[in-house]
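The values are calculated or read from the model by the stated rules, or taken from the named source; none is laboratory data. Owing to the predicted nature of the structure, the values given are computational and were not obtained by experimental measurement. Here the Cβ positions follow ideal geometry from the backbone for every residue, glycine too, while neighbour counts run over all protein chains shown. To get the accessible areas, we keep the full protein, side chains included, count just its heavy atoms, and leave off ligands, DNA and RNA. Shrake-Rupley method; radii C 1.70, N 1.55, O 1.52, S 1.80 Å.
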Amino acid sequence: MKICGITAEYNPFHKGHAYQIEKARQAGATHILVVMSGNFVQRGVPAMMDKRVRVRAALSGGADLVVELPLPFATASAETFAYGALSLMQAAGCVDMVSFGAEDGQEKLQKVLAVLLSEQFEPVFRLRLAEGGSYAAARAQTVAELAGEETAAVLTRPNNILGIEYLKAAHRLHFYPQWEAIPRRGVGHDQPGEEKGLMSASYVRHLLESGDWASARKGLPEVCLPLYQQAFVSGAAPVRLGDLERNMLAVLRTRPLDWLKNLPDISEGLENRLYAGIRRATSAAELYQLIQSKRYPQSRARRMTLHGFLGVTAAMQKVSLPYLRILGIGTGGRDILRQMKQTAVIPVSQSLARLSNESENAKLFAELEASATDQYVLGMPKPMSCGWEFTAPVIKE
């Protein structure tokens, strides 16, 4: 048995994701373990469809086992997102291979990684950051100075950026799987249109939300379309940020300034800018505009406001992950579970209630997940009552 780990949001699962799984199996993987974000995703917004719809699509599309990336990591910056995912794979004790998409080959990614880990990087990076630019711009400029423009150009491509963070997280964890960097095919990240039957997730979301199911069908595995249609017809989807906007602003207005200091991504007195924005803004878009600047891009503003809404603190991103929560079990999932029972170094269970009793950190993470979902389901076209996280069954195929 050779288990390949994949980190994903599947928001939604499309043909590009199915292609990645297919390529991992061609590279020798017999089983696919997916670490998937829950009801909120890295862009700082709710997932269009709830985690269980997306889990079912993943299992239908070739995944064998789906485990949840806890909220503090699922909604984090690329570095923390990757670290959380790789930590879970390492904790499972049975992941032999890790697959991720990239615009460039692994050799180029490794070259950038070598620069980021070099002794020369940090001093130059701090100087560039002090000049007032964003983190990403300062990092790219530093790599250009140390290794040339061609190497720095690797950091301008979104899948590469996350791929490098996976490699860096594994180095930090002393975790050494076989790597499979799958070349990205079709249109670019967040781009509209179709190329060779492949679409970006953002374009598929656009088509689904606009009701153009005929066009969306071209970018989706055939087995997924009925799942998404059922979610829309039943009133479980779509969930948009706008549907939660007033809830978010209402909660943020109750957060004192001292509390905001504890959020992830807060530095250099940024809590003051956030606090002032919260007091003025009457929409999420306005709040983002009030926070963002040349140094602080909108992506950071979105994550900050979401974390303030849901109660995610910086301290939560610094603890060791307390459990492996199983969201879905597919064809080969039971094989992986049998292996994990022998190799996992943290508790493994399908039951969030059971996991919450394992430790203080487990209780903290479980209650945070449940609270976030209680907010998420209010954004559904047909809202649901509280307590769903503790009562919904694991998905089985």
- [ ] Return one whole number: the accessible area per residue of the stretch 299-397 in Å², for a 1.4 Å probe.
- [x] 45 Å²
Open item on the list: Using only the heavy atoms of the protein chains and a 1.4 Å probe, how would Tyr176, Tyr323, Tyr275 rank by accessible area, largest first?
Closed with: Tyr176, Tyr275, Tyr323
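Using a Förster radius of 45 Å, what is the FRET efficiency between Asp96 and Asn247 based on their Cβ-Cβ separation? Nearest 0.05, please.
Numbers: r = 43 Å, r/R0 = 0.95.
For R0 = 45 Å, the calculated efficiency reads 0.60.
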Task: For the stretch 108-149 versus the stretch 304-383, the gap between their alpha-carbon centres in whole angstrom - done: 34 Å
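Summarise the long-distance tail of P(r) for the chain by giving the % of C-alpha pairs beyond 29 Å. Provide the component values of the computation, followed by the final result.
Values: 33828 of 78606 pairs.
Counting pairs separated by more than 29 Å, the tail of P(r) holds 43 percent.
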Task: Cα radius of gyration and Dmax for the stretch 23-75 (Å) - done: 12.2, 35
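With every protein chain kept in place and ligands, DNA and RNA left out, what is the accessible area per residue of the stretch 96-171? Probe 1.4 Å, answer in Å².
Details: 3510 Å² over 76 residues.
Accessible area per residue, the stretch 96-171: 46 Å².
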Open item on the list: Cβ neighbours within 10 Å, averaged per peptide: list 22-29, 198-205 in order, most packed at the top.
Closed with: 198-205, 22-29
Task: the chain: calculated mean residue ellipticity at 222 nm from DSSP helix runs of at least 4, using -39500 (n - 2.57) - done: -15000 deg cm²/dmol
- [ ] Just tell me which lysines come within less than 21 Å, Cα to Cα, of Lys382; anything on the same chain fewer than 8 places away is out.
- [x] Lys51
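Rounded to two decimal places and with Rh computed the Kirkwood way over Cα pairs, what is Rg over Rh for the stretch 233-351?
That ratio equals 1.12.
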TODO: Given a cut-off of 30 Å, name the pairs among Lys23/Lys363; Lys23/Lys168; Lys108/Lys396; Lys218/Lys396; Lys168/Lys261; Lys341/Lys396 whose C-alpha atoms lie farther apart than that in the structure shown.
DONE: Lys23/Lys363; Lys108/Lys396
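What FRET efficiency comes out for the pair Ala353/Ala285, r = Cβ-Cβ distance, R0 = 22 Å, nearest 0.05? If you can, show how the numbers build up before the last one.
Working: r = 38 Å, r/R0 = 1.71.
The formula returns an efficiency of 0.05 here.
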Task: Solvent accessible area, Å² - His174, 1.4 Å probe, full protein context - done: 130 Å²
- [ ] Sort the following peptides by mean Cβ neighbour count (other Cβ atoms within 10 Å, averaged over residues), highest first: 249-256, 302-309.
- [x] 302-309, 249-256
Task: Carbon plus sulfur fraction of accessible area for the chain, probe 1.4 Å, in percent - done: 49 percent
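Order 326-339, 45-58 from most to least packed using the mean count of other Cβ atoms within 10 Å.
Numbers: 326-339: 19.7, 45-58: 24.9.
So the peptides 326-339, 45-58, ranked by packing, come out 45-58, 326-339.
If I take R0 = 56 Å and measure r between the Cβ atoms of Glu397 and Gln120 in this structure, what FRET efficiency does the formula 1/(1 + (r/R0)^6) give, to the nearest 0.05?
Values: r = 50 Å, r/R0 = 0.89.
Efficiency for this residue pair is about 0.65.
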